[in-house]
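Nothing in this text is a laboratory measurement; each read-out follows from the coordinates by a stated rule. Values in this document were obtained by computation on a predicted structure and should not be read as measured data. So basically every Cβ, Gly included, is an ideal-geometry build from the backbone, and we count neighbours across all protein chains shown.
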Amino acid sequence: MSVIQVSDFMVTNPTIIDPDASIIEVALKMRENRIGSLILVEDNKPIGIIARANHSRNPQFSYSTLNYKATQLANNRTREG
């Protein structure tokens with residue numbers, strides 16, 4: 001029986017976005033690339049991930065939040081602040 005490795009599933013060149021990108025930019029990039037998540041990168045370091053579920057299931061998401069930045073809805077934010 002062979003062991004399944006993480007590398008069997010991982011993407012080696014993930015689609016990234018700036019943490020200051022607007023939610024509209026995030027949604028457009030996901031749509032253009034037909035993906036459900038983006039890695040937030042700052043200074044060439046990953047600081048978090050934003051997934052379609054972050055905003056589609058968020059009860060605070062509404063048309064008034066369209067100007068939010070990606071970091072305001074991201075998961076696993078590692079940047080201090």
Original post:
Long-range amide H contacts for Gly48: which residues qualify at under 5 Å (H placed 1.01 Å from N, peptide plane, sequence gap of 5 or more or a different chain)?
Top reply: Leu40, Thr78
Original post:
For the pair Gln5 and Leu28, what calculated FRET efficiency results from E = 1/(1 + (r/R0)^6), where r is the Cβ-Cβ distance and R0 = 35 Å, to the nearest 0.05?
Top reply: 0.60
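Order the peptides 4-16, 25-37 from the highest to the lowest mean number of other Cβ atoms within 10 Å of their residues. Please list the in-between numbers first.
Values: 4-16: 8.5, 25-37: 13.8.
Result, highest mean Cβ count within 10 Å first: 25-37, 4-16.
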